[in-house]
Every structure is written in structure tokens, then in C-alpha cells.
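Undergrad: Take this structure first; my questions come after.
The values are calculated or read from the model by the stated rules, or taken from the named source; none is laboratory data. Computed from a predicted structure; not experimentally measured. Every residue, glycine as well, gets a Cβ built from its backbone with ideal geometry; the counts of neighbours run over all protein chains shown.
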Amino acid sequence: MKTMYVTHPSSLKHEMGCFHPDSPERIYAISDQMLASGLMSFVKQGYSFKALKKDILRVHSPIYLDYLYKNIPTDGEYYYIDNDTIMNSYTFESALYAAGSGMFAIDAIFSNSVKNAFCAIRPPGHHANHDNAMGSCFFNNVAIAAKYAFDKYKVSRLAIVDFDAHHGNGTEEIFYDDDRVLMCSFFQHPFYPYLGKHSLKKNNMCNLPVNAYAKSSRIRDIVNNHWVPAIHKHKPEVILISAGFDAHKEDDMSQICLTEYDYAWITNIIVELSEQYANGRIVSILEGGYNLSSLSRSVVLHIRALANI
Ligand SMILES: [Zn+2]
């Protein structure tokens, strides 16, 4: 099988209160749609392992890791880092497995057991920076996978494509001065986390702001005229995806107006580029996407494009 679907039961135990949009129901919605569409039979299933302390410390500071560990609340309690970023008693464990999912997928694609992988995990990661949790993110899952690929598989260059509606400020900060990494994204601006416009001058940061109500044509223009030439120039040996689906027009979290067919289109382009430079190696890790219907439909088309079926 070409594609692996990676998940872990711990993703269902981290919750931040019943009104928080990042809910365990997101993972249930994705797996239900995978089953209902019949796609689950066409992917290899994998279960994440837990990232070790040394894996987290490739990206985050020891002080920050200790801070999270010391503030794990008791059962039934919450610890508020900010109003969006809240720990229950399972969050720390869930975040270790979420961080491990990308590493697990990197091992799978470098052992040639699959070409590519999608990690249906939470909490997400792209807002987490070296020493801070924010925006529902605790560990930067995609950055941890990237550093693991550099260390374990001696990768020279990789690309991170972030199609979440929000700016991946944590990922940008972590790799801002690391020319081994090319980051490609679009993000609604001005919008949470109100960062990102400064990166336009950096060669390895191809992160483009778009206005609210940007449509498919604007996003496809960015992909064709900015991302694709940058990836051709960088020649990545593996492509990681921060796969957020909150730019869907049915998702109230942002005002970008994409459909699931846009995610399929973007994924097809990334697959083509990965075949050209990376032997097809792609690891895609879930970020945002909060409307359960549009999220699950989009993930199914994303995985169909990865699996070429
Ligand atoms: Zn987002």
C-alpha cells in the first residue's frame, strides 16, 4: 500500500472544555468518513509511538518541557496556558503521541514500507514555538518530525507546506535561520496569530498573506507562482505538510473560501513534486479544521490524492 493512516487513541483524551473548537470529535469525524467512504481499506493503518524527551528537545527548550510537565492537572481539572491552550490530565501524554506520529511516519517512509502518510492526531502543533504553547498547540509536531529526519536519516533539505488558514508562526520561528528547510504557506492576514508578514524577505520562507474572503483562484495563484518555483529550487528530499483544513468555506474559523477540491488539487501538486525530488516521500500531519463535515470530507480527498486513488 502506498499510504499510511497514522493515529493513536490518546488523541481522543485531550480535551479543552465542551465549547472549545479543537475537540476529540474531529478525530472521530475523520475516521468515520474514512470508513464510510471505503478509503480505510485502501490505506495501511499505523499507531503512533510516544516522542521521547530527546525528540522534544530537538525543537523545544528544557524549561518549557518542564513547565508543561509540572502543570499537568489532576483528573477533571484544567490548566489554562491561555484561553485557547488548555491542558487536561491527558494533554501531555496526547501531545507526546502527536509529536511521535510524524516521527513514526518518517520511519515508515524511509524504510520504504509506504510512500507517504497522513497523521490524524491532536493536539496540533504549528503555533508552538521553541518555548511557548499557544493557539491550541503544545509541541510543534511538524518541526519535531523535520528535526528527526535530519538527525536519523541525514536528510539535507526538506520542505514544509502549511495550508492551514492561520500563519504557522511556531514553525516559521523554529526554522527561520535554517536554510535546510523551505516553508511554503498562505495565511489569512490580519488574523490570529497576527504574525508573519516580516518573513516575506527570507529566501527559505515562502509564506504569503491573503485577505479575508480569498477564493480558490487566489490560493491556486500562490501555489503555482510562489510555492512550486520555490520547491523546484529547493529540491526537498522529503515534504512535510501542516495539514489544516480551516480555510474551507464551510469552516467558520477563518474567512478563506476553499473547498475540499482545492485541498485535493494542492495535494496532487505536492505529490507530483515529491515524485520528482523526494522519491514520493510525504508526511502530512493534521493541524486545524473545525467544521466536522468539511474537515472530514477534505481529509478524505487529501488522502485519496496522497494514495492516488
Ligand atoms: Zn488554523
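Undergrad: Collect the residues in the stretch 192-207 that are at pLDDT below 95 and farther than 12 Å from Gly168 by Cβ, keeping them in residue-number order.
TA: Those that are at pLDDT below 95 and farther than 12 Å from Gly168 by Cβ: Tyr194, Lys197, His198, Leu200, Lys201, Lys202, Asn203.
Undergrad: Which one of these is hydrophobic (A, V, I, L, M, F, W, C) and over 20 Å from Tyr192 (Cβ atoms): Leu295, Leu286, Leu258, Leu273?
TA: Among Leu295, Leu286, Leu258, Leu273, only Leu273 is hydrophobic (A, V, I, L, M, F, W, C) and over 20 Å from Tyr192 (Cβ atoms).
Undergrad: Please indicate, with yes or no, whether at least one residue in the stretch 220-240 is within 16 Å of the ligand (Cβ to nearest atom) and buried (at least 22 other Cβ atoms within 10 Å of the Cβ).
TA: no
Undergrad: Only residues that are in a helix (DSSP H, G or I) and either modelled with pLDDT under 95 or buried (at least 24 other Cβ atoms within 10 Å of the Cβ) (or both): list them for the stretch 275-295, please.
TA: Leu295
Undergrad: Looking at this structure, is Ala98 in contact (Cβ under 8 Å) with a residue 40 or more places away in the chain, in contact with a Phe, Trp or Tyr (Cβ under 9 Å, 6 or more places away or on another chain), assigned to a helix (DSSP H, G or I) and within 16 Å of the ligand (Cβ to nearest atom)?
TA: Answer is yes for this residue.
Undergrad: Still on this structure, I have one more. Does Phe187 satisfy being at pLDDT 95 or above, within 11 Å of the ligand (Cβ to nearest atom) and within 19 Å of His226 (Cβ to Cβ)?
TA: It is true that Phe187 is at pLDDT 95 or above, within 11 Å of the ligand (Cβ to nearest atom) and within 19 Å of His226 (Cβ to Cβ).
Undergrad: Now for a different question. If you check Ser185 against the conditions, is it touching a helix residue (DSSP H, G or I) at 6+ places or on another chain (Cβ under 9 Å), part of a strand (DSSP E or B) and of a type in the set (Ser, Thr, Tyr)?
TA: yes
Undergrad: Please go through the stretch 150-171 and give me each residue that is closer than 21 Å to Leu65 by Cβ and either away from the ligand (no atom under 16 Å from the Cβ) or assigned to a helix (DSSP H, G or I) (or both), ordered by number.
TA: Residues satisfying the conditions are Phe150, Asp151, Lys152, Asn169, Gly170, Thr171.
Undergrad: Among (1) part of a strand (DSSP E or B); (2) touching a residue at least 24 places away in the same chain (Cβ under 8 Å); (3) within 16 Å of the ligand (Cβ to nearest atom), where does Ile266 come up short?
TA: Going through the list (1) part of a strand (DSSP E or B); (2) touching a residue at least 24 places away in the same chain (Cβ under 8 Å); (3) within 16 Å of the ligand (Cβ to nearest atom), Ile266 breaks only (1).
Undergrad: Confirm whether Val59 is touching a Gly at 6+ places or on another chain (Cβ under 7 Å) and either over 18 Å from Ile121 (Cβ atoms) or outside any helix (DSSP H, G or I) (or both).
TA: It is false that Val59 is touching a Gly at 6+ places or on another chain (Cβ under 7 Å) and either over 18 Å from Ile121 (Cβ atoms) or outside any helix (DSSP H, G or I) (or both).
Undergrad: Something else: Kindly provide the set of residues from the stretch 222-244 that are among the polar types (S, T, N, Q) and not in a helix (DSSP H, G or I), ordered by number.
TA: Ser242
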